């Protein structure tokens with residue numbers, strides 16, 4: 001009986017690890033990553049400029065009172081957040097560089 005329990009335990013422990021392992025992946029060279037890094041920087045700069053243009057357009061279509069209210073709220077938001085730390089869940093789960 002003990003032999004059967006030991007055999008069953010070993011079977012349950014090792015079978016799932018053997019059945020679900022993934023094969024080795026081929027190592028890729030660093031060259032393609034370096035080649036792709038430059039277009040990513042260009043795309044980021046392009047998207048930043050589009051975002052800036054969008055923000056400027058958004059401000060331009062507002063009336064004067066709304067623009068003043070938006071500026072006041074932005075100043076208050078910056079003042080209130082000055083010196084405030086990130087929440088613990090963002091600090092715990094951010095990527096380490």
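Every number in this text was worked out from the coordinates using simple rules, so none of it is lab data. Everything numeric here is computed off the predicted structure, so don't read it as measured data. Methodologically, a virtual Cβ is constructed for each residue, glycine included, from the backbone with ideal geometry; neighbour enumeration extends over all protein chains shown.
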At residue 96 and residue 53, where each label point lies 7 Å from the Cα along Cα→Cβ, what is the point-to-point distance in nanometres?
-> 4.2
Per-residue Cβ contact counts at 10 Å, fewest first, order 1, 70 as 1, 70
